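These notes are about the structure you will find just below.
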Amino acid sequence: MANNRRDTADHYTLRARKEGYPARSVYKLEEIQQRFSIIKPGDTVLDVGAAPGSWTLYTHRKLIKGRGTIVAVDLNPLSLPAVPETVIEYTGDAFSTEIRQKLISHGPFDTIISDAAPQTTGNRSVDTSRSEYLAECVLALAVEQLKVHGNLVIKIFQGGAEMVIAAQMKKLFKRVKPFKPQASRSDSFEIFLIGMDRNAE
Ligand SMILES: C[S@@+](CC[C@H](N)C(=O)[O-])C[C@H]1O[C@@H](n2cnc3c(N)ncnc32)[C@H](O)[C@@H]1O
């Protein structure tokens, strides 16, 4: 018998299976797109922390609609039955010198989306500081590789640093909004920071 809510496949998990996505997290991106319209057909998108591949697949199918390019990077390979033709996949640490060079060879990007998350330890202060580090790395990549008018999505675990990152983003974008999708698990302390319409220098 399931003794924990995560033991039971919820509505989002069942829907993801039915629609052919490897993770329920796809519906977080769906909500982000519905609310903020961050990606359009033909865009060049960088997906950081892309595995198992739901965001990448959704972006291919529904957002760039088979046109444009998605550069997907993760420590682990994507887990898709077939990698779509719009996707360029890299496996490794997105912020290592080697992988970073490969990523930026495809830039600058119209949109950078990051669902990257550290392996959690259960210690909230350790987990939030690791998540903060990832968020800072993604923001640094965006400063360098996001086009003017481009959009950015960063996941961060709430613990205080999200306000600092949001303040930095406000210097870069016309609009910055924190967003907690309904598809986030109710016991999750993740939040997404959405930066829209990058300013010209
Ligand atoms: C929640 S999962 C992403 C799920 C994905 N958006 C999807 O819909 O399938 C978080 C991912 O971040 C990745 N990650 C964490 N640190 C990373 C790093 N330094 N470089 C690349 N990927 C990283 C993890 O390996 C993990 O697969």
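The values are calculated or read from the model by the stated rules, or taken from the named source; none is laboratory data. If you're wondering where the values come from, they're calculated on a predicted model, not measured in any experiment. Neighbour counts are summed over all protein chains in view; Cβ atoms, including those assigned to glycine, are modelled from backbone coordinates with ideal geometry. Just so you know, the surface numbers come from the protein's heavy atoms only, side chains and all, with ligands and any DNA or RNA stripped out. Shrake-Rupley method; radii C 1.70, N 1.55, O 1.52, S 1.80 Å.
Take the conditions (1) modelled with pLDDT of 95 or more; (2) in a helix (DSSP H, G or I); (3) more than 12 Å from the ligand (Cβ to nearest atom); ARG6 misses just one of them, which is (1). Selection within segment 140-153: residues that are surrounded by 22 or more Cβ atoms within 10 Å (Cβ to Cβ) and more than 12 Å from the ligand (Cβ to nearest atom). The member of this set that is nearest to PHE189 (Cα to Cα) is LEU152.
Residues of segment 62-91 that are small (Gly, Ala, Ser) and within 12 Å of the ligand (Cβ to nearest atom): ALA72, SER79.
Taken as a whole, segment 7-24 holds at least one residue that is touching a residue at least 40 places away in the same chain (Cβ under 8 Å) and of a type in the set (Lys, Arg). Filtering segment 9-30 to residues that are more than 13 Å from the ligand (Cβ to nearest atom), among the charged types (D, E, K, R) and part of a helix (DSSP H, G or I) leaves ARG15, ARG17, LYS18. Criterion first (within 21 Å of GLN34 (Cα to Cα), open to solvent by 80 Å² or more (accessible area, probe 1.4 Å) and touching a strand residue (DSSP E or B) at 6+ places or on another chain (Cβ under 7 Å)) does LYS177 satisfy it? The answer is yes for LYS177. Of all residues in segment 88-130, those satisfying the criterion of being closer than 18 Å to PRO77 by Cα and open to solvent by 40 Å² or more (accessible area, probe 1.4 Å) are ILE88, GLU89, TYR90, THR91, ASP93, PHE95, GLU98, ARG100, LYS102, ALA117, GLN119.
Can you confirm whether segment 131-138 contains a residue that is away from the ligand (no atom under 12 Å from the Cβ) and either open to solvent by 20 Å² or more (accessible area, probe 1.4 Å) or in contact with a Cys (Cβ under 9 Å, 6 or more places away or on another chain) (or both)? Yes, segment 131-138 contains at least one residue that is away from the ligand (no atom under 12 Å from the Cβ) and either open to solvent by 20 Å² or more (accessible area, probe 1.4 Å) or in contact with a Cys (Cβ under 9 Å, 6 or more places away or on another chain) (or both). Remark: pairs (first residue in segment 92-109, on the phi < 0 side of the Ramachandran plot; second residue within 12 Å of the ligand (Cβ to nearest atom) and polar (S, T, N, Q); Cβ separation under 9 Å; 6+ apart in sequence or on different chains) = ALA94/SER114; ILE99/THR91. The strands (runs of 3 or more DSSP E) falling completely within segment 100-201 that include 2 or more residues that are within 30 Å of ASP10 (Cα to Cα) and not β-branched (Val, Ile, Thr) map to 146-157, 173-179, 190-198. Taking the numbered list (1) among the basic types (Lys, Arg); (2) in contact with a helix residue (DSSP H, G or I) (Cβ under 9 Å, 6 or more places away or on another chain); (3) assigned to a helix (DSSP H, G or I) in turn, ARG35 passes all entries but (2). If the condition is being closer than 15 Å to THR111 by Cα and crowded, with 23+ Cβ neighbours inside 10 Å, then segment 65-87 contributes ILE70, VAL71, ALA72, VAL73.
The number of residues in segment 41-61 that are of a type in the set (S, T, N, Q) and either open to solvent by 10 Å² or more (accessible area, probe 1.4 Å) or within 6 Å of the ligand (Cβ to nearest atom) (or both) comes to 2.
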